[in-house]
Every structure is written in C-alpha cells, then in structure tokens.
Amino acid sequence: MTLGIVLPLVLLALVVFVLVMFARRAARALAVSRAATAFQTEVVDCSGRIMPVVDDLVRRVDAVRRHQLPAEEIRGALAEAQGTFEREREVIAGWQLPSGFTVLVGDMAEDVDRLARAVQTISFGTELAVEGTGHQRELESQTVIKRGYLNLLHARQSLLDHAATVASRMEATRRSVRSSA
C-alpha cells in the first residue's frame, strides 16, 4: 500500500471517529435536556395543582380568623386540601430526578408535608371553635387556627421558592450541557 492510499483512509477513519464522538455527545446533551424539561414540567404541574388549593385555603382561613365566616364552613375545604396534599406527596415521591436535585425535591416534599400538617392544625382549631364553649376555648381555637394559617403561608412561600430554584437550576443545567456539546 502506498502513502496515497493509506493517508486518505486514515483521514476518513479520523473524520468518522470525530463524527461519531460528536453524535454521541449531542445525543447525551439532548437526553439531559429532555429529562430536565420533563422534570421541570412535573414541578410546574405540581405547583399548579397545589397553589390554587392553598390560595383558596388562605382566603377562607383568613375569613374565619376575622369572624367573617363560621369555622364549620371550611371543614369540607380542609378535608379536600388534605387529600390533595397527600396525593401530591405521592406524586413527588414517584418523580424521576435528574442528578443533583434529590435534596431540593426532598425539601419540596417536606413543604407539601408541612402544608398537610398546617391543614391538620387548622382543622383542630375549627373543631375547638365549633365544639368549644366559653371565652377560653374561643381564644385557644383562634390561636390554633392562626398557628396553622401562618404555617400554611410559610409552607406556600417555601414551596414557591423551591419551584423557582428548580427552574433556575434547570436553565443553568441546560446552558452547561449546550456549552459542553
């Protein structure tokens, strides 16, 4: 074999090797981007299902706190919210996580659990308000309802913060994958 035949074959093999390596990196970057988009969609969907429930509860509990709404009228909404939060907690447990998001998703799950505990606290306060008699019982029920209300507000804000963090980290992940591809 002469140099005129070997050199083009070596160059052809080198070009094929470079193209295969580029295609593999591009496929990996595409897979990471798809996983990131799917995960971010799950987080947005979860927040979209939880936030209207929380906002409705905040509005109703605030009306109870201000004596604009009787406590027994929000019991059904509390039970529905409790069910929603438990279902969303199960959904979060089933998420396929991209690397580096385990702690953040764990924090989101804790926020949903905190929302559920806040609803339980508010429910206990409404029971005290409905079944209790006397001024002391009224003060105790208002204190319990307010404690649950504040926990509801804090958990809502924390969940919103974590969802925003997921969005910003996903965008950073996409940028780093694009730059490495």
Report summary line: In terms of the charge dipole of region 3-180, which places +1 on Lys and Arg and -1 on Asp and Glu at the beta carbon, the residue among 116, 9, 44 farthest towards the positive end is 9
Query - For region 102-181 versus region 32-66, the gap between their alpha-carbon centres in whole angstrom - result: 10 Å
Query raised in the report: So what's the angle, to the nearest 10 degrees on a 0 to 90 scale, between helix 75-93 and the longest Cα principal axis of the chain?
Result: 20 degrees
Query raised in the report: Can you pull out the trypsin sites (Lys or Arg not before Pro) in region 1-91 that DSSP calls coil and that have at most 10 other Cβ atoms within 10 Å?
Result: 66
Report summary line: The answer for residue 69, listing residues at least 5 apart or on another chain whose modeled amide H is closer than 5 Å to its amide H, is 64
Report summary line: With the charge dipole of region 3-180 built from beta-carbon charges (+1 for Lys and Arg, -1 for Asp and Glu) about the Cα centre, the Cα from 126, 78, 164 projecting farthest to the positive end belongs to 164
Query raised in the report: Based on Cβ point charges of +1 for Lys and Arg and -1 for Asp and Glu, what charge dipole magnitude is obtained for the chain about its Cα centre, in debye rounded to the nearest 20?
Result: 1000 debye
**Report entry** the chain: relative contact order as a whole-number percent, Cα under 8 Å and 6+ apart
**Finding:** 29 percent
Query raised in the report: In a GNM of the chain with a 10 Å cut-off on Cα contacts, which of 39, 17, 101 has the highest mean-square fluctuation?
Result: 17
Query raised in the report: Tilt of helix 102-131 relative to the longest C-alpha principal axis of the chain, in degrees (0 to 90, nearest 10)?
Result: 10 degrees
**Report entry** When the convex hull of its Cα atoms is projected in every direction, mean area for the chain (nm²)
**Finding:** 12.5 nm²
Query raised in the report: Residue by residue, what Karplus-based ³J(HN,Hα) values in Hz, rounded to whole numbers, does region 157-167 have, using 6.51, -1.76 and 1.60 with θ = phi - 60° and x for Gly and Pro?
Result: 5, 5, 5, 4, 4, 5, 5, 5, 5, 4, 4
Report summary line: Going from the fewest other Cβ atoms within 10 Å to the most, one would list 91, 112, 119 as 91, 112, 119
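A short reminder: the numbers here are calculations on the coordinates, not readings from a lab. Because the structure is predicted, anything quoted here is derived from the model rather than measured. Don't worry about glycine lacking a Cβ; one is built from the backbone with ideal geometry, like all the others, and counts go over all protein chains shown.
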